[in-house]
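S.K.: Handing you this structure, nothing more for now.
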Amino acid sequence: MLVLLVFVSARKYKSNFIYILKHYMLFFVEIIISSMLINLLIGGFKDNTILSFFKDFIFSYSIYQLVLLTVFKLKDSTTTDTFTAMKNYLDNHLLHLEFGRPLSPGISLNGNKISDGCRNKNHRLIWVNLIKLEKMYSRGLLRGDDYKFTLKKVAIDIEHQSKINNFFWMNSILLRIIK
């Protein structure tokens, strides 16, 4: 299976089947390696029967999935929380701009407060850039259409990133690294 995975990964196939096959193989390699390692850590395979082997394998795989689910869901939830706050900030800005209403100071203060709460360096960078753009716009250094376009583009990117967190492949370490 590993030889086939290396062969498929080395080749640049344009086939959708090969692309999916590569991801399945990566996922199964991760399952096998992680389950074997966990099983060896908790005492190894005790009996030589096939039923006992599968029982131990399924038990170690279940432990692995529980750990991944807990770690990834908590991490992804904080990311989604940050993206939701960003999207709300952007939507409020765009709403005010679309109807020619002045930007409320509360929106800016909210953006600064949320920026301080970011846990991820990339998220903090997005917030800092948004606040810089807002200051440039309020000083007249940035045209309204350019400002709206930039905010809309960031909103689209944030929504895309937020949706990625819900994909099943996000529960695999190897697929997270490769994708």
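S.K.: If the limit is 24 Å between Cα atoms, which of K87/K148; K87/K132; K55/K163; K22/K87; K55/K75 go over it? Write down the numbers at each step before the final one.
M.R.: Working: K87/K148 14 Å; K87/K132 17 Å; K55/K163 35 Å; K22/K87 34 Å; K55/K75 30 Å.
In this structure, K55/K163; K22/K87; K55/K75 exceed 24 Å between Cα atoms.
S.K.: For K73, tell me the accessible area in Å² from a 1.4 Å probe, rounded to the nearest 10.
M.R.: 80 Å²
S.K.: OK, next. Rank I158, I33 by accessible area, highest first, at a 1.4 Å probe radius? Walk me through the numbers before you get to the answer.
M.R.: Details: I158 5, I33 85 Å².
Most to least solvent-accessible, the answer reads I33, I158.
S.K.: Let me ask something additional. In what order, largest first, do H93, H160, H23 sit by accessible area if the probe radius is 1.4 Å?
M.R.: Values: H93 0, H160 105, H23 30 Å².
Most to least solvent-accessible, the answer reads H160, H23, H93.
S.K.: Ok, one more. Ignoring ligands, DNA and RNA, how do Y64, Y19, Y24, Y89 rank by accessible area with a 1.4 Å probe, largest first?
M.R.: Working: Y64 30, Y19 110, Y24 130, Y89 5 Å².
The ordering from most to least exposed comes out as Y24, Y19, Y64, Y89.
The values are calculated or read from the model by the stated rules, or taken from the named source; none is laboratory data. All values reported here derive from a predicted model rather than from experimental measurement. We work out accessible area using only protein heavy atoms, side chains counted, and drop any ligands, DNA or RNA first. Shrake-Rupley method; radii C 1.70, N 1.55, O 1.52, S 1.80 Å.
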